[in-house]
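Read through the structure below, which is laid out as structure tokens, and then see the notes.
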Amino acid sequence: MKIFVTRILPEIIKSSLTDDGHQVSEWTEKRDLLPSELIRHCQAADALFSVGKNHIDRHFLEECRHLRVIALCSVGYDNVDVAEATQLGIPIGNTPGVLSKATADTAFLLMQNVARKAIFKHQEILRGNWGFFDPMADLGIELHGKTLGIYGLGRIGFELARSCYRAFDMPIIYHNRGNNELAERELAARRVSFDELLQQSDVLSVHTNLSTETEGIFNRDAFSKMKASSIFINTARGAIHNETDLRLALEERQIWGAGLDVTDPEPMAPDNPLLQMPNVAILPHIGSATIETRMKMMQLTVDNIRAGLSGQRIPHCVNPEVYDR
Ligand code: DGY
């Protein structure tokens with residue numbers, strides 16, 4: 001069968017598909033496919049191996065309703081019209097679990113970077129400003145014993161909470177629909193309302209999906225309720241915070257700093273004022289970008305493709321309802 005891949009795969013991953021007798025066709029250009037190009041390539045395929053931000057919307061799905069499986073090489077699936085895929089009987093695969101530690105580590109890295117203004121200080125050296133020693137200039141803040149607030153305590157949030165609890169003795173609070181019993185038992189985490197999360201967190205880190213409920217939830221009103229000494233971290237999706245409101249909250253010192261691995265849009269423009277702020281650290285969506293994690297994500301994507309093409313239930317499915325039909 002034919003598999004269309006939206007990037008060039010490592011040889012070892014590609015051969016695990018070709019060894020099964022499948023034909024793999026890769027998108028080799030260093031740009032994202034246009035929606036019409038994605039449709040054209042998928043119309044000649046039986047499965048889509050989707051890497052990067054491809055819009056798997058209603059139009060795409062209707063044009064490519066013959067696909068046996070769409071396997072995303074990501075845990076997030078906010079780029080997919082899942083209801084439409086389910087309606088058309090197309091299983092959508094993702095890569096849960098394997099990127100939790102790497103993504104949590106990125107949040108941990110950002111938190112420390114912001115607290116000590118590390119990226120800004122590095123830029124200062126490049127600008128030739130490592131000069132006269134002023135003991136009170138541009139000081140950072142300490143993290144030991146500060147309260148970590150997690151918005152969306154699932155697998156990734158749990159990993160960050162565990163690191164912060166162990167490394168810096170940080171008490172953990174979180175806001176979720178339901179209780180996270182493991183975090184309550186192992187990390188003494190406490191579930192609080194959204195307002196309490198905003199008011200009590202010294203570091204507030206976002207680990208939720210992008211949905212109609214969470215889009216723009218960190219807005220002017222939310223930032224105005226946070227501590228003036230607090231740090232906001234987002235490694236989930238850029239559209240969960242309102243960027244203009246975040247910039248104003250930083251400029252007006254409603255919050256102390258921010259660390260972002262995700263922005264809206266991506267990529268962020270190089271002249272974005274947030275990039276010049278001392279208390280801000282921005283990374284280019286590298287949450288899962290380690291060799292180990294990316295290989296595991298690709299392997300899970302392969303597992304989903306192989307199962308889907310052989311007519312079996314895919315192991316990591318975001319719309320298992322397709323199998324109840
Ligand atoms: C994910 O897997 O969702 C990461 O954000 C990479 O897109």
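Here are a few things to note about the model shown:
- Only listed residue being open to solvent by 40 Å² or more (accessible area, probe 1.4 Å), within 24 Å of the chain's Cα centre (by Cα), assigned by TED's automatic domain parsing to the domain that holds Met298 and away from the ligand (no atom under 16 Å from the Cβ), chosen from Ala83, Ala118: Ala83
- Among the conditions (1) within 16 Å of the ligand (Cβ to nearest atom); (2) open to solvent by 10 Å² or more (accessible area, probe 1.4 Å); (3) under 30 Å from Ala47 (Cα atoms); (4) not in a helix (DSSP H, G or I), Gln312 misses just one, which is (1).
- If only residues of region 283-299 that are open to solvent by less than 30 Å² (accessible area, probe 1.4 Å) and in contact with a Ser or Thr (Cβ under 8 Å, 6 or more places away or on another chain) are counted, the one that is farthest from the ligand (Cβ to nearest atom) is Met297.
- Of residues in region 11-27 being surrounded by 15 or more Cβ atoms within 10 Å (Cβ to Cβ) and of a type outside the set (D, E, K, R), the one nearest to Gln299 (Cα to Cα): Ile13
- Any chance Arg65 is touching a strand residue (DSSP E or B) at 6+ places or on another chain (Cβ under 8 Å), surrounded by fewer than 22 Cβ atoms within 10 Å (Cβ to Cβ) and assigned to a loop (DSSP other than H, G, I, E, B): no
So that you can scan it fast, the table gives a plain yes or no per residue for (1) in a loop (DSSP other than H, G, I, E, B); (2) more than 14 Å from Leu110 (Cβ to Cβ):
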{"position": "Val262", "(1), (2)": "yes, no"}
{"position": "Pro270", "(1), (2)": "yes, yes"}
{"position": "Leu274", "(1), (2)": "no, no"}
{"position": "Ala281", "(1), (2)": "no, no"}
{"position": "Thr293", "(1), (2)": "no, yes"}
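- When Ile255 is tested against (1) within 16 Å of the ligand (Cβ to nearest atom); (2) of a type in the set (Val, Ile, Thr); (3) in a loop (DSSP other than H, G, I, E, B), only condition (1) is not met.
- Selection within region 179-207 - surrounded by fewer than 17 Cβ atoms within 10 Å (Cβ to Cβ) and under 21 Å from the mean Cα position of the chain (by Cα): Phe194
The values are calculated or read from the model by the stated rules, or taken from the named source; none is laboratory data. On a predicted model such as this, the values are computed, not experimentally measured, just so you know. As a convention, Cβ positions derive from the backbone with ideal geometry for all residues, glycine included, and neighbour counts pool all protein chains shown. The protein model used for the area step is the full one, side chains on, heavy atoms only, and it has no ligands, DNA or RNA in it. Shrake-Rupley method; radii C 1.70, N 1.55, O 1.52, S 1.80 Å.
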